[in-house]
Structure formats: structure tokens, C-alpha cells
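Asker: There's a structure below that I have some questions on.
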Amino acid sequence: MDDRDEMMHEAATLYYLQDETMESIGRHLGISRSGVSRLLKLARDRGVVQVQVRPPGAGGAIASQVSSLFRVRAHVVPVRTALTEDSRLDNVARYAAQLTQSWFTHGMTLGLAWGTTVAAVSAHLTHTPLREATVVQLNGATNTSTSGLAHGSELVTQFAQAFDASPQHFPVPAFFDLAETRDLMWRERSVRHVLSVQARADIAVFGVGALAAPVPSRVYISGYLESTDQAALAADGVVGDVCTVFLREDGSWEDIAINKRATGPTPRQLQAIDRRVCVVSGDAKVVPLRAALRAGAVTDLVIDEPTAATLVRGTPR
């Protein structure tokens, strides 16, 4: 540790743990108040200090209602209703990143399902070094139009770098053309290895996909589905997906044909993971979210307050 690092650590300790003012710290260290401010910013940027502003969470009235209706831990993020959909998502993603950093620790495995929401979470991670930790991709990302790397492998890499964890990619399509092809691939040793890492996950982080939303779900707009697939989903009453496994509003999924070709974990497989964190923002996500909750895919829901209120209002008691 060089002199600047030592000064940064001392300034952070005095300010955050001993309630010293910047002026008194500056006198102690022999630097200006602005110099202290720069040291404190550096400490936050490097992850030496992590500042959290906790919303009402489980103690809030709406969170309590969500928890009671769906038997999940609800983390409700207060936002201004005038915010755009993108801004609401950004606020929720920031809080989800903080929660993930508090739950994911040494020796754990974190599973990720790629998507717009999880990508937003990754933007708010700060460097939090862990020992013997792994980040594993839960669903394939390639399709006939693109390699899908930006949606899958790069997202896993971003999370892994934030935690100094080992990345475990899943280089398979989001959907196989034939269910038989997927069954054969699942017998390959390289694929079985990734599946075994997924099965050991302690935490999973994912969003929900909606057939239509102001912030579009990538699985519906990025070449993953043919027009015939889209038509079949609509005819089958599908309202959205979790980890690219499609759901009806009642949470059913097993008899939806395309799911036999999907590479993400089913709700039943997700249930083997102790903490399953679903991050949601926007009223367009309420119907697929309700489906995911009814399917038992979620243990922890991170959601903005207006969306949570819509979820509660539209759910029969």
C-alpha cells in the first residue's frame, strides 16, 4: 500500500467510522478540504467504502402486501412517478446491485440470466473482491442473427470482474431448432460441466421478459424468435419469460412447446437455488412478473414502488 492509499484509507476511516469532519481530517492529514473530498471519492470508486441508502423495504406497506400475497422478500425502491421508464429502471438496478454485493460473498456461485435489466444492474456494481467465487451464465445467448456475446458472455465477464470471480460462460443458443438437438447437447461433457456449476448456484439474478414494454425485452426484439414462434407463443397464452423460459399468466410453463428447446433453467430448476433475485421496473412487466411469482421462481423481488403498487392492485386476494 503506497502513501496515497494509506491516506485514502485513513481519511475514509475518520470520516465514515469516527464521524470526523472534512475540515478536521484535512488538518490531521495536512491537506485541503477538497483534497479530503477527493480521497473519499477515490475510496468509494475503489470499493473501499460502500454507501447504501436503504428504502423502506420489507417494512413498507406495499412491500408487506407483496410479501403476503406472494410469499417473497420484497425490496421496494421509492422513485418519483414522473421519472421515465429508463430512469426508474436505473434506480431499481442501482439498489439491486447493492443488494447483490451484500449477499454474494466468498466461495459462492452467482447465476445470471442475461437481459436488459441485469445489464442495468451490472452498470452499478463497484469492485468488491471475493475469494473462490464464481459467476455462471444461466441461459444461452446465441441466435441466427448474432453471437449474443454482448447479452451473455460479456455480461458474465462484467459481473466476474466486479467481484474478482471466475466467469463460467454458456456458449449455446438461447433456443435450439429442435428439442432433440438440445437433449443431445446436454449429454456433452463441456455442457454438463456448465450445468453442474449452475446447479451449485447460491444466488440467481434475473429479470422478467415482457412481450411488449417501453424498455424492450431483448429476447423479443433481437432475433431470437421467428415470426412463427411469436405467433405460437401468443396462441399459447404466453405473457413473458424468466431466463428465456416462457410462462402463462397462471405461472404454468411445462407444456409450452418452445420451452423444450430453451436453454435457461425452468422455474422448478430455479427453485433449487436458495436466493432467487428478480429485478423488475415498469408496469408493462407486472403481468409476466405475476406469472414468475406464481411459478415459484422468485424468493427476493427488487421493484420500484409504482410498479409494486400496480402489482398489488391487480392481484386478487
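We did not get these values from a lab; they are worked out from the coordinates using the rules stated. In this text, all values refer to a predicted model and were calculated from it rather than measured experimentally. Heads up, the Cβs are rebuilt from the backbone with ideal geometry, glycines too, and the neighbour counts pull from every protein chain shown.
Asker: Amide H neighbours of ALA74 under 5 Å, at least 5 residues apart or on other chains, H built in the peptide plane: list them.
Answerer: Result for ALA74 returns SER67, LEU301.
Asker: Over the Cα atoms of the chain, each weighted equally, I'd like the Debye log10 I(q)/I(0) at q = 0.10, 0.13 Å⁻¹, rounded to two decimals.
Answerer: -0.60, -0.93
Asker: Give me the one-decimal nm value for the distance between modelled label points at GLU6 and ARG268, 7 Å along each residue's Cα-to-Cβ direction.
Answerer: In this crude label model, GLU6 to ARG268 measures out at 6.1 nm.
Asker: Please state, to two decimals, what the Cα-based radius of gyration of the stretch 3-140 comes to when divided by 2.2 N^0.38 Å (N = residues). Before the final figure, lay out the partial values.
Answerer: Numbers: Rg = 18.7 Å, N = 138, 2.2 N^0.38 = 14.3 Å.
For the stretch 3-140, the normalised Cα radius of gyration is 1.31.
Asker: Can you give me the orientation-averaged projected area of the convex hull built on the Cα atoms of the stretch 152-208, in nm²? Each step should come with its number before you reach the end.
Answerer: Numbers: hull surface 19.2 nm².
Answer in nm², one decimal: 4.8.
Asker: Name the long-range amide H neighbours of GLN168: under 5 Å, sequence gap of 5 or more, or other chain; modelled H, no Pro or chain starts.
Answerer: VAL135, VAL136, GLN137
Asker: Also, quick follow-up: Rounded to whole Å, give me the distance from the Cα center of the stretch 185-210 to that of the stretch 12-46.
Answerer: 44 Å
Asker: Calculate the length of the line joining the C-alpha centroid of the stretch 75-144 to that of the stretch 223-242, in whole Å.
Answerer: 26 Å
Asker: Quick one: 3J(HN,Hα) in Hz for the stretch 269-284, Karplus 6.51/-1.76/1.60 with θ = phi - 60°, rounded, Gly and Pro as x.
Answerer: Taking θ as phi minus 60°, the curve returns 5, 4, 5, 6, 8, 4, 10, 10, 9, 9, 10, 9, 8, x, 4, 5 Hz for the stretch 269-284.
Asker: Oh, and also: Grab the beta carbon distance between SER68 and GLU254, set R0 = 25 Å, and tell me the FRET efficiency rounded to 0.05.
Answerer: Details: r = 27 Å, r/R0 = 1.09.
Plugging the Cβ-Cβ distance into 1/(1 + (r/R0)^6) gives 0.35.
Asker: Moving on to the next point. So what are the ³J(HN,Hα) numbers for the stretch 158-168, from phi and the Karplus equation (6.51, -1.76, 1.60; θ = phi - 60°), rounded to whole Hz, Gly and Pro as x?
Answerer: Each residue's phi maps through the Karplus curve to give 4, 5, 4, 5, 5, 10, 6, 9, 7, x, 10 Hz.
Asker: Here is a further query. Semi-axes, largest first, in whole Å: what does sqrt of 5 times each Cα gyration tensor eigenvalue give for the stretch 171-305?
Answerer: Numbers: eigenvalues 103, 78, 31 Å².
Semi-axes from the Cα gyration tensor: 23, 20, 13 Å.
Asker: Return the sequence-ordered ³J(HN,Hα) values of the stretch 123-128 in whole Hz as given by the Karplus equation 6.51 cos²θ - 1.76 cosθ + 1.60 applied to θ = phi - 60°, using x for Gly and Pro.
Answerer: Whole-Hz 3J(HN,Hα) from phi for the stretch 123-128: 5, 10, 6, 10, 5, 10.
Asker: Need one number for the stretch 3-45: average projected area of the convex hull over its C-alpha atoms, nm². Before the final figure, lay out each step's value.
Answerer: Numbers: hull surface 9.9 nm².
That works out to 2.5 nm².
Asker: Right, something else. Around ASP236, which amide H atoms from residues at least 5 apart in sequence, or from another chain, sit under 5 Å from its own amide H, with H modelled in the peptide plane?
Answerer: Under 5 Å from the amide H of ASP236 lies no amide H from a residue far enough along the sequence or on another chain.
Asker: Normalised radius of gyration for the stretch 261-314, please: alpha carbon Rg relative to 2.2 N^0.38 Å, two decimal places.
Answerer: Details: Rg = 11.8 Å, N = 54, 2.2 N^0.38 = 10.0 Å.
Computed over Cα atoms of the stretch 261-314, the ratio equals 1.18.
Asker: Would you mind getting me the FRET efficiency between ALA234 and ARG33? Use the beta-carbon distance for r and R0 = 45 Å, nearest 0.05.
Answerer: According to the calculation, E is roughly 0.15.
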